[in-house]
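Engineer: Take this structure, written in structure tokens, and hold onto it; I'll ask about it next.
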Amino acid sequence: MGDSSSSASYIRMVHHLIEKCICFNLNKQECMDALEKHANINPVVTSTVWKELEKENREFFETYNKDRAERNIEAETMQRIQKMLSDAAASKADDDQS
């Protein structure tokens, strides 16, 4: 009896940590890596709990993954814009020195 209780408690802890990872916008692989590194949780355990959460909350994860993809595109666009502005400023500085 004690074993199943401690197993359930461990699963609840992993579930809670996965929720924390989601708050930080991590994907499944990033979450598995983070929990292995910082909480010494076997990635197979994290993956299994994550998959169960996906089954139970299919719509949430579909939206979450879509939003993550959109945020990544926005971040890449901002990086490109910043690089163009930086390159333009450097080019202007070179022109001013000529």
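The values are calculated or read from the model by the stated rules, or taken from the named source; none is laboratory data. If you're wondering where the values come from, they're calculated on a predicted model, not measured in any experiment. Using ideal geometry, Cβ is built from the backbone for each residue, glycine included, and neighbour counts are taken over all protein chains shown. Surface areas here come from the heavy atoms of the whole protein model, side chains and all, with no ligands, DNA or RNA. Shrake-Rupley method; radii C 1.70, N 1.55, O 1.52, S 1.80 Å.
Engineer: Could you list the chymotrypsin sites (Phe, Trp or Tyr not before Pro) in region 16-98 that lie in coil according to DSSP, counting only those with at most 12 other Cβ atoms within 10 Å of their Cβ?
Structural biologist: The qualifying sites are 24.
Engineer: Given a 1.4 angstrom probe, I'd like the percentage of the accessible area of the chain that is carbon and sulfur, rounded to a whole number.
Structural biologist: In the chain, the share of accessible area belonging to carbon and sulfur is 55 percent.
Engineer: A further question follows. Please compute the per residue accessible area over the chain with all protein chains in place, 1.4 Å probe, rounded to a whole number of Å².
Structural biologist: 77 Å²
Engineer: What percent do you get for the relative contact order of the chain when only Cα pairs under 8 Å and 6+ apart count?
Structural biologist: 20 percent
Engineer: Quick one: how many lysine pairs does the chain have with C-alpha atoms less than 27 Å apart and a gap of 8 or more or different chains? Give me the count, please.
Structural biologist: Lysine pairs meeting both conditions in the chain amount to 16.
Engineer: Evaluate Rg over Rh across the chain, taking Cα atoms for both radii and Kirkwood's formula for Rh.
Structural biologist: Using Cα coordinates only, the ratio equals 1.29.
Engineer: Still on this structure: Any chance you could give the angle, 0 to 90 degrees and rounded to 10, that helix 28-39 forms with the longest Cα principal axis of the chain?
Structural biologist: 70 degrees
Engineer: Now, a different point. Return one number: the angle in degrees, 0 to 90 and rounded to the nearest 10, between the long axis of the Cα atoms of helix 2-23 and the longest principal axis of the Cα atoms of the chain.
Structural biologist: 20 degrees
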